[in-house]
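Down below is the structure, laid out as structure tokens.
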């Protein structure tokens, strides 16, 4: 069975054999940044402890003021809203497109006002959103509005001939344990903007002033007793060298890793095409899906409810319900912000399931395909739903 993490063994062993020496404790972080920047086509990168910390730092770099608003999609993990709130902003929820489940540019346009500081797009389940239209909306506004791409669920998918991650002022990725490239926990932020890069680097690195990737100038300054190293208030959001080594080994073979997920997604899509009561995300023209997860979208809640019972009974693999809308979570209600209403998101959330796609054992994938087909046939028989 193919194991992506084993691709990193020699790099991890190198870190361990070096004994975490300070002088070599950034080698793989630097190498990982260089690989990501080269792949996506951007100039600057910052490795971080998680995808959430990457979003937090991106927003901190914007120096949000009280009442500044950040527009985000209503279907996504609550970590996006956390980052906005913890950076001092107010999350404004845009509805999602009914067929892609991604942020709806038309809804975004209705939310923009003088307080809007940024828009965060999410490539939900691995499908890039409509970056072109989002950028068009931003360009029509007199006030500067930043676009931050949250690609926690999307690695190396393309939209209009460019990689997701290359459209925004900043883009973030996650290396959490379920993600396509993983080190258990980790993330990276990319940008072409030098000022934003420097702000993100300092705010994620205890406020240290960093003038280049090698840190040599700062290291020599550390020998001086009068050296003031903390220029601003910052967090310790650094990615460990072990984590960087793990992801570096995988990014070198990312095409092979992603191929397995694409295979799962395409096979699941083929099965559901035989049934009319269930569908999946529409993939727009000139866009490809990276299938971090496969969305099953049932036409009615009763089909969703029966699927969850039957799929488990049929020994189907573990699956997830759709992300709870952040504004329906307890933390949001406790903050007593405004009460959003996103019609599409609220309807889709209660009848959408996330199927896993990280099947590196093809026998197991075949088994899950058969269980999926069996379960859908049972629903069809019960409700005559085809």
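We did not get these values from a lab; they are worked out from the coordinates using the rules stated. Model, not experiment: these values are computed from the prediction. Cβ sites come from the backbone with ideal geometry, for glycine too, and all protein chains shown count toward neighbours.
Give the order of 202, 1, 72, 324 when sorted by the count of other beta carbons within 10 angstrom, beginning with the fewest.
Values: 202 22, 1 8, 72 27, 324 13.
Placing the least packed residue first, the sequence is 1, 324, 202, 72.
Rank these for me by crowding, 308, 52, 225, 116, going from fewest to most other beta carbons within 10 Å. Provide the component values of the computation, followed by the final result.
Working: 308 15, 52 24, 225 5, 116 20.
The order, fewest Cβ neighbours first, is 225, 308, 116, 52.
For the chain, the mean residue ellipticity at 222 nm estimated from helices alone is -12000 deg cm²/dmol, where every DSSP H run of n ≥ 4 contributes -39500 (n - 2.57) and the total is divided by all residues, rounded to the nearest 500.
The long axis of helix 51-60 is offset from the longest Cα principal axis of the chain by roughly 60 degrees. In this calculation the C-beta distance from residue 343 to residue 65 is compared with R0 = 30 Å, giving a FRET efficiency of 0.45. Multiplying the residue separation of residue 226 and residue 162 by 0.36 nm and removing their Cα-Cα distance gives an extension gain of 18.3 nm.
Could you line up 154, 342, 183 from fewest to most neighbouring Cβ atoms inside 10 Å?
Details: 154 29, 342 20, 183 25.
Final ranking by Cβ density, sparse to dense: 342, 183, 154.
Overall shape: oblate for the chain, with the ratio a/c of the largest to smallest alpha carbon gyration tensor axis at 1.5 or above and b/c at least equal to a/b.
What whole number of Å gives the distance from the Cα centroid of segment 115-163 to the Cα centroid of segment 1-79? Taking the Cα centre of segment 115-163 as reference, the centre of segment 1-79 is 19 Å away.
Backbone N atoms of segment 294-328 closer than 20 Å to the 7 Å Cα→Cβ label point of residue 350 belong to residues 296-310, 320-328.
In terms of its C-alpha gyration tensor, segment 75-131 comes out oblate, because a/c is 1.5 or above while a/b does not outweigh b/c. Against the chain, whose longest principal axis is taken from its Cα atoms, helix 194-203 shows a tilt of about 90°.
Were the residues from residue 285 through residue 384 laid out at 0.36 nm apart, the gain over their Cα-Cα distance would be 32.4 nm. Cα axis of helix 241-251 to longest principal axis of the chain: angle in degrees, 0 to 90, nearest 10? Value to nearest ten degrees: 50.
Look at where the Cα atoms of segment 303-344 and of segment 233-287 average out, and the two centres are 21 Å apart. Using the Cβ-Cβ distance between residue 377 and residue 331 with R0 set to 41 Å, the FRET efficiency from 1/(1 + (r/R0)^6) comes to roughly 0.50.
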